[in-house]
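One structure below.
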Amino acid sequence: MKPKIAIIGKGNVGSALQRGLEAAKYEVKSVGKDPARVRETAAWGEIIILAVPYPAVDDAIREMGDAVRGKTLIDATNVLTPDYQLALGFTTSGAEELQKKVPSAKVVKAFNTIFAEHMATGQAKGTALTLFAAGNDKEAKAKILNLGRDIGFDALDAGPLMNARWLETLGYFNIQLGYTLGMGTKLGFKLIR
């Protein structure tokens, strides 16, 4: 039986992941900026996807409270400043800092290297994009890899949570290619192996 998925964040990323997961026959609930419902939704889900802007992470953690205890928490955030610069990197990552803030959760960094428009299918121009998942808990990471495959991604174990440092910089590079260098959002990364 597929796990129940709680999505915290109803923006482009959260909405696209909800469409993809529902198409793959997952039961999904999502919530936006409603503190009481954030906690309720997180408590309901077996896997929680954090799909909020980076500056809203601390608020979301506070609102979820102990509803994250023992659960897999997917960090789909891009660690950017309001002017789209990398906020952390190289010696730590947003995901590692998140794990410190919620030590009872099993944090997995995933989905941040993909533009939202590809999250519902896992594909760009008919090719399965690579979904990188980094985390320290092998079972939690395996659940996310399966979830990604069910959506349509080529899902890849990207190693320990420390590797989120490189996934966050790859996500930043993706944004740079798409927006700053004007290549658009139809692109995506595919690891050939």
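Any residue in region 43-50 that is farther than 21 Å from Gly148 by Cα, part of a helix (DSSP H, G or I), modelled with pLDDT of 95 or more and not polar (S, T, N, Q)?
Within region 43-50, the subset farther than 21 Å from Gly148 by Cα is 43.
So of that shortlist, the ones also part of a helix (DSSP H, G or I) come out as 43.
Next, only the ones that are modelled with pLDDT of 95 or more stay: 43.
Retained after the next criterion (residues that are not polar (S, T, N, Q)): 43.
The answer is yes, given that some residue of region 43-50 is farther than 21 Å from Gly148 by Cα, part of a helix (DSSP H, G or I), modelled with pLDDT of 95 or more and not polar (S, T, N, Q).
Looking only at region 154-193, residues that are aromatic (Phe, Trp, Tyr), more than 28 Å from Lys71 (Cα to Cα) and in contact (Cβ under 8 Å) with a residue 12 or more places away in the chain come to 2 in all. The number of residues in region 97-134 that are charged (D, E, K, R) and in contact with a Leu (Cβ under 6 Å, 6 or more places away or on another chain) comes to 1.
Here is the figure for region 10-24: residues that are part of a loop (DSSP other than H, G, I, E, B) and either among the aromatic types (Phe, Trp, Tyr) or over 17 Å from Tyr54 (Cα atoms) (or both) total 1. In region 134-153, the count of residues that are at pLDDT below 95, charged (D, E, K, R) and more than 25 Å from Gly65 (Cα to Cα) is zero.
The values are calculated or read from the model by the stated rules, or taken from the named source; none is laboratory data. Note that the coordinates shown come from a computational prediction; the quantities given were computed from them, not determined experimentally. Note that each Cβ is placed from the backbone with ideal geometry, even for glycine, and that neighbours are counted across all protein chains shown.
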